[in-house]
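Since the structure comes first, as structure tokens, the remarks are kept for the end.
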Amino acid sequence: MSGSFDPSLYRVIDANLNRLKEGIRVIEDIARYVYNDKELASKLKELRHRSRIDDLQNLLNSRDSVNDVLRPTVSSEMNRDSLESIIIANYKRAQESSRVLEEMYKIIEPELSENFKSLRYALYQLEKENLTTSDS
């Protein structure tokens, strides 16, 4: 990572990078194993592979999941009544995380900021394709 910034931002980046990839993976696995949707699963896999940062050592050094003040599960996180609700929650999780990464990288490495912006918009489009019917 280049540029001048507060090293504590690595913790924000690490948490959001993990959240982004985890959210995409949940949707990808549902598309792949539940719906046998090779096209959607492949698109999600490609996005997940684009969701990487090469500076792993600084990210790992900043990680402090044991002391995360919001680590305990919130009751609303347990409200899932269908696969669709899981898919929706994970699209939102991935979109929100990609936005945080986009913002952080504006001050660190603008090229990566654009990558995360592109990922966010791709997730918006996949969400629409995945969750709307073509009957209209």
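The values are calculated or read from the model by the stated rules, or taken from the named source; none is laboratory data. Predicted model only: the values in this text are computed from it and were never measured. Note that we place each Cβ from the backbone using ideal geometry, even for glycine, and neighbour counts take in every protein chain shown. The protein model used for the area step is the full one, side chains on, heavy atoms only, and it has no ligands, DNA or RNA in it. Shrake-Rupley method; radii C 1.70, N 1.55, O 1.52, S 1.80 Å.
Of note:
- Between the stretch 103-122 and the stretch 8-45, the Cα center-to-center distance that results, in Å: 17 Å
- Packing-based ranking of 20-30, 40-50 yields 20-30, 40-50, ordered from highest to lowest mean Cβ neighbour count within 10 Å.
- Scalar couplings 3J(HN,Hα) for the stretch 8-25, obtained by applying the Karplus form with A = 6.51, B = -1.76, C = 1.60 to θ = phi - 60°, are 5, 5, 4, 5, 4, 5, 4, 4, 6, 5, 4, 4, 4, 5, 5, x, 5, 5 Hz; x denotes Gly and Pro.
- Overall shape: prolate for the stretch 77-117, with the ratio a/c of the largest to smallest alpha carbon gyration tensor axis at 1.5 or above and a/b above b/c.
- With all protein chains modelled, accessible area of residue 99 [1.4 Å, Å²]: 100 Å²
- Surface accessible to a 1.4 Å probe, residue 34 within the full protein complex, Å²: 80 Å²
- Taking 0.36 nm per residue of sequence separation and removing the Cα-Cα distance, the residue 32/residue 118 pair yields an extension gain of 28.6 nm.
- In this rough spin-label picture, where each label sits 7 Å from Cα along the Cβ direction, the residue 42-residue 96 distance is 3.2 nm.
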